[in-house]
Every structure is written in structure tokens, then in C-alpha cells.
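Visitor: Here's a structure for you.
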Amino acid sequence: MTPAEKNWAGNITFGARRLHAPRSVAGIQEIVASGTTVRALGTRHSFSTVADTAGDLVSLAGLDRVVEIDPAAGSVTVGAGLRFGEFSDVLHENGYALHNLGSLPHISVAGACATGTHGSGIGNRSIAGAVRALEMVTADGGIVELKRGDADFPGAVVALGALGVVTRLTLDLVPAFDVQQWVYEDLPQSRLGDPDGFDEVMSAAYSVSLFTDWRGGPVNQVWLKQRVDAGGVRQAPAEWLGARLADGPRHPIHGMPAQNCTRQQGVPGAWHRRLPHFRLEFTPSNGDELQSEYFVARRDAAAAYEALDRIRDRIAPLLQIGEIRAVARDDLWLSPASGIDAVAFHFTWVPDTAAVTPVLGAIEEALAPFGARPHWGKVFTTAPETLRALYGQYADFEKLMARYDPSGTFRNDFLDRHFPR
């Protein structure tokens, strides 16, 4: 391991003594059983230290590139190290789709599920919500398989790598579908001032994203991703809820090339070519950045928006862009949408940890009345005792950790802080 080994954004320099890239599950079993401390490494898109360790890092990128579709079950089993952009084509060519995708097709399926990463849509659960089974290497080097309905399953999907190294996941499939995407600009802020208005905006399409620089005034952009179903291809009105239809393709961050983004202006395309914001063949998002995200119950979204708007003078100077999305509830113990239909407030910051950290404290204070849950893979300062109160199965997860990993094989500083023994 060299000092050059960093996460994608460059804000984390991994402290591991070795980086392994096993080509098989048997290779992972051998590493885990060797007695060292181990953390699994996906595509390095986390901004927190959730994947770091002073022991050994195990990259999943070299694992068998399994893509096994089961038409009878309506599911697909994939190798945990695969990026979504690497197997979505196969699903579509066979007439299938995932119900939801994140902003980036560049992230690994295991990493996304382990941290509760998501897409958007009031009726769409996070990516982890599609998991129906998983296989993982546990602390003794053995293999455990869990499926939906097993007692431990709800705690094992969004598990932060704390229970083992996930090697395969089985995901629910839906029939393939096409999507049209439009961008509207300058949505009046008044549309978000009450719960009904907020819901009207967030319910306007299959997937909705609001991009704002938090400088006051209208919301910069609204991205509407609408399924092409029985009604066929649609035409978008020039004006919608006071916002105007963009006259060309847009990037969420002003000045960044729109060619990096998925096709807009209502041109129909396959689900995996439209649901992400960014195209696999280009650099995702900006890269030189930090990210944070906080989830509140959808019923509180309008009030949470107003609370954040009151501190926009703290937020805006350090912000590249903010995004607001809806996520449907699930029953996964550590999912930020566990038990609540949620709205997520995302912040893409300038890459200045010292300057951003006190602003995170201000955001967390503003959102405290709404029980805001931070994204596990992004930067936050929420205290462990606060997190404990926000999740009904927090103590159950701690018991699960103790049972699956009694010797602390998969522990790191991040887990020790938030789930102390």
C-alpha cells in the first residue's frame, strides 16, 4: 500500500498496510482467515472513512464477473465488485431492468448496497431495497448466504462491511422500460414552502431531482425522469409550475460540460441510460469535491427545506451544488430510509474539509428537529449517541456484529466510533 492509494475524491488516504486484489472467493476466504483485520473496497466513491483500515484492504474489482439472470424468479445474481454500468446492458438486452439506479453508474453494487446509496422517486426504494439474497465471507473464512425472510437479512444488507465481505448479491428485476428526461430551470422557491407543494414537485415523474445552489431565489434546475409506458412518448410543456423548459442539455454544476450527463430534452432511452445523471464513459460528477447527505421523513421535507434556507449564507459559499431527492421506505435496519418515506438533502462541497466541517455542524443542528440521518458513505459529524436514537434497530445491529464478528476482523475506526464495543 502506498500513500497514493486514495478514494475517488482524494479526501481519504487509506491507511491499510496491504491492498489485495483476489480473483476468486477462495482468495478472499484465505485473506480473511489469516487473522488480520480486513475491510472490503469497492470503487472508492465513499467520502467517509467507512472503508478504511489499518489492516488489509480487499478490492472486489477482480472477483468473478457473474451476471446470472433467473427468469423464473425475476432476479439477477451479480458479482459484488461489478459496477452498475457494467451489467445494466446485459439486463436490458434480456428484457429486464433494476427499479432504480444512483446518480453514478460507476459505483459497485456491493458498495452502494452496503452504505444505503439510492436513486430517486417517491415510489422507488433505494438500490439496497432490491436485494433479495447475498453471499458473504465471514470472520472465520466461511461463507454465509442470507435471503429475504431470514431473521438476519434486514441487518445484513446495509451493513457497512461490518459483518463480512459480500461476494455476490441477488437483486429483484422488473421488465425493461424506457425513460424520457427533461430539465426545467428556475422553479419558484414558493413551490417547496408547504408539504403539499413539495409533494407535488417530487411526485411529478418517476424520478425527480432538484438542484439548488442555496443562494436564495428559484431552484436552479429540476430533472424529471418519466417512464415511457402505455401512453407512449410525451411532449413537455414550455412551462411547468412556474419553471421553464431548458433550451439545451444541462450539467447540474454551472460551467461543467453537459456531455458528461445522460441524454435530456425528452429523447427516449433505456432505463440505464437515463436514470443515472452521469454517463459511464465520462468522469462522474466533478471529482474534486466532498459530499454530504441527510435524510428526513417526507412529511417534514418542506419544514426541513425552510430550516436549511435560513442558513443558506453558511452553505452557499462552500457549495458546488445541492440536490434534493425522494426515497421510498424500506425495512433494512441501517438504511437511511428505514421505516420512513424519505427526502434526501445532498450537498456537493468544495474540497476543503476544514471549512466544510463547521457548516456540517450547522446543517445537523438545523435538521435535528426532523431526526435527520446522514448518509454513511459521505462526510458528517453527527454524534454516535444521536445516531443510536435515530435507528430503531441500532442495538440489534450491534448484537449482529458481535455474533458475526466476535474477534473484530472487520472493525475499523469508523465502526469503533459509531458502534463501540
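Visitor: Is it true that some residue in segment 393-405 is within 22 Å of the chain's Cα centre (by Cα), within 17 Å of VAL296 (Cβ to Cβ) and of a type outside the set (A, V, I, L, M, F, W, C)?
Guide: Residues of segment 393-405 that are within 22 Å of the chain's Cα centre (by Cα), as a first pass: 393-394, 397.
Among the residues that remain, those that are also within 17 Å of VAL296 (Cβ to Cβ) are: none.
No.
Visitor: Then there is this: Here's a check for you: in segment 105-136, which residue that is in a loop (DSSP other than H, G, I, E, B) and touching a helix residue (DSSP H, G or I) at 6+ places or on another chain (Cβ under 8 Å) is surrounded by the most Cβ atoms within 10 Å (Cβ to Cβ)?
Guide: Ranking the candidates gives HIS118 first.
Visitor: While we're on this one: Go through segment 61-83 and give me each residue that's among the hydrophobic types (A, V, I, L, M, F, W, C) and either modelled with pLDDT of 95 or more or touching a strand residue (DSSP E or B) at 6+ places or on another chain (Cβ under 6 Å) (or both).
Guide: LEU63, VAL66, VAL67, ILE69, ALA72, ALA73, VAL76, VAL78, ALA80, LEU82
Visitor: Also, I was wondering about something else. Can you tell me which residue in segment 126-139 is farthest from ARG39 (Cα to Cα), limited to those that are in contact (Cβ under 8 Å) with a residue 60 or more places away in the chain and under 11 Å from the mean Cα position of the chain (by Cα)?
Guide: For segment 126-139, the residue satisfying everything is SER126.
Visitor: Sticking with this structure for a sec: When residues of segment 144-162 are filtered for being charged (D, E, K, R), assigned to a loop (DSSP other than H, G, I, E, B) and under 17 Å from LEU63 (Cβ atoms), how many remain? I'd like the intermediate steps shown before the answer.
Guide: To start, the set of residues in segment 144-162 that are charged (D, E, K, R) comprises 145, 147-148, 150, 152.
Right, trim to assigned to a loop (DSSP other than H, G, I, E, B) and you get 148, 150, 152.
Checking which are under 17 Å from LEU63 (Cβ atoms) leaves us with none.
Looking only at that region, the number is 0.
Visitor: Please list, ordered by residue number, the strands (runs of 3 or more DSSP E) wholly in segment 14-96 having 3 or more residues that are within 30 Å of SER407 (Cβ to Cβ). If you could, list the steps in order and put the result at the bottom.
Guide: Numbers: elements: 18-20, 38-41, 56-59, 67-70, 75-79.
The qualifying strands (runs of 3 or more DSSP E) are 18-20, 38-41, 56-59, 75-79.
Visitor: List the pairs whose first member sits in segment 277-298 and is within 20 Å of TRP223 (Cβ to Cβ) and at pLDDT below 95, whose second member is assigned to a strand (DSSP E or B) and not hydrophobic (A, V, I, L, M, F, W, C), and whose Cβ atoms are under 7 Å apart, counting only residues at least 6 apart or on separate chains?
Guide: Pairs that qualify, where the first residue is within 20 Å of TRP223 (Cβ to Cβ) and at pLDDT below 95 and the partner is assigned to a strand (DSSP E or B) and not hydrophobic (A, V, I, L, M, F, W, C), are SER285/THR348; ASN286/GLN320; ASN286/THR348; GLU289/GLN320; GLU289/THR348.
Visitor: Let me ask you something else. Given the criterion of a type in the set (A, V, I, L, M, F, W, C), under 22 Å from ALA130 (Cβ atoms) and not assigned by TED's automatic domain parsing to the domain that holds LEU290, identify the matching residue among LEU400, LEU390, LEU334.
Guide: Unique residue meeting the criteria: LEU400.
Visitor: Answer with yes or no whether GLY141 is in contact with a Lys or Arg (Cβ under 8 Å, 6 or more places away or on another chain) and part of a loop (DSSP other than H, G, I, E, B). Quick ask: steps written out before the conclusion?
Guide: Details: in contact with a Lys or Arg (Cβ under 8 Å, 6 or more places away or on another chain): no; part of a loop (DSSP other than H, G, I, E, B): yes.
Considered against the rule, which asks whether it is in contact with a Lys or Arg (Cβ under 8 Å, 6 or more places away or on another chain) and part of a loop (DSSP other than H, G, I, E, B), GLY141 comes out as no.
Visitor: Kindly establish whether ALA246 is over 24 Å from the mean Cα position of the chain (by Cα) and either of a type in the set (A, V, I, L, M, F, W, C) or not assigned by TED's automatic domain parsing to the domain that holds ASP300 (or both). Even if it seems obvious, please write down each step before you answer.
Guide: On the way: over 24 Å from the mean Cα position of the chain (by Cα): yes; either of a type in the set (A, V, I, L, M, F, W, C) or not assigned by TED's automatic domain parsing to the domain that holds ASP300 (or both): yes.
Here the answer is yes, as ALA246 does meet what is asked.
Visitor: Return yes when ARG168 is surrounded by fewer than 19 Cβ atoms within 10 Å (Cβ to Cβ), closer than 28 Å to VAL90 by Cα and not aromatic (Phe, Trp, Tyr) and no when it is not.
Guide: No, not satisfied.
Visitor: Another question about this same structure. Across segment 1-19, what is the number of residues that are surrounded by 19 or more Cβ atoms within 10 Å (Cβ to Cβ) and either among the hydroxyl-bearing types (Ser, Thr, Tyr) or in contact with a strand residue (DSSP E or B) (Cβ under 7 Å, 6 or more places away or on another chain) (or both)?
Guide: The number of residues fulfilling the criteria is 5.
Visitor: Name the residue, out of ARG310, ARG263, that is of a type outside the set (Val, Ile, Thr), over 24 Å from ASP352 (Cα atoms) and in contact (Cβ under 8 Å) with a residue 40 or more places away in the chain.
Guide: ARG263
Visitor: Sticking with this one: Could you please let me know if GLY79 is under 30 Å from PRO252 (Cα atoms) and crowded, with 22+ Cβ neighbours inside 10 Å?
Guide: no
Visitor: Just the residues that are surrounded by fewer than 11 Cβ atoms within 10 Å (Cβ to Cβ) and assigned to a loop (DSSP other than H, G, I, E, B), please, taken from segment 238-256.
Guide: Listed by number, the residues that qualify are ALA238, ASP247, GLY248, GLY255.
Visitor: Which of the residues that make up segment 261-281 are within 19 Å of the chain's Cα centre (by Cα) and more than 23 Å from ARG215 (Cβ to Cβ)?
Guide: THR262, TRP271, HIS272, ARG273, ARG274, LEU275, PRO276, PHE278, ARG279, LEU280 - these are the residues of segment 261-281 that are within 19 Å of the chain's Cα centre (by Cα) and more than 23 Å from ARG215 (Cβ to Cβ).
Visitor: Hey, among GLN235, GLN180, GLN221, GLN189, which residue is out of contact with any strand residue (DSSP E or B) (no Cβ under 9 Å at 6 or more places or on another chain) and either touching a residue at least 40 places away in the same chain (Cβ under 8 Å) or of a type outside the set (Asp, Glu) (or both)?
Guide: That would be GLN235, the only listed residue that is out of contact with any strand residue (DSSP E or B) (no Cβ under 9 Å at 6 or more places or on another chain) and either touching a residue at least 40 places away in the same chain (Cβ under 8 Å) or of a type outside the set (Asp, Glu) (or both).
Visitor: Just checking, which of ARG234, ARG263 is more than 28 Å from ILE311 (Cα to Cα), modelled with pLDDT under 95 and surrounded by fewer than 21 Cβ atoms within 10 Å (Cβ to Cβ)?
Guide: Numbers: ARG263 fails: modelled with pLDDT under 95.
After ruling out the rest, the residue left standing is ARG234.
Visitor: Got at least one residue in segment 100-113 being without any contact (Cβ under 8 Å) to a residue 60 or more places away in the chain and either in contact with a Cys (Cβ under 9 Å, 6 or more places away or on another chain) or not aliphatic (A, V, I, L, M) (or both)?
Guide: There is at least one residue in segment 100-113 that is without any contact (Cβ under 8 Å) to a residue 60 or more places away in the chain and either in contact with a Cys (Cβ under 9 Å, 6 or more places away or on another chain) or not aliphatic (A, V, I, L, M) (or both).
Visitor: Within segment 297-393, which helices (runs of 4 or more DSSP H) (wholly inside it) include 2 or more residues that are within 16 Å of SER48 (Cα to Cα)?
Guide: 353-367, 384-390
Visitor: Assess whether VAL350 counts as being in contact (Cβ under 8 Å) with a residue 60 or more places away in the chain, more than 26 Å from ILE122 (Cα to Cα) and not aromatic (Phe, Trp, Tyr).
Guide: Yes: the conditions hold for VAL350.
The values are calculated or read from the model by the stated rules, or taken from the named source; none is laboratory data. Since the structure is predicted, the reported quantities are computational estimates derived from the model, not experimental observations. Quick reminder, even Gly has a Cβ in these numbers, built from the backbone with ideal geometry, and neighbours come from all protein chains shown.
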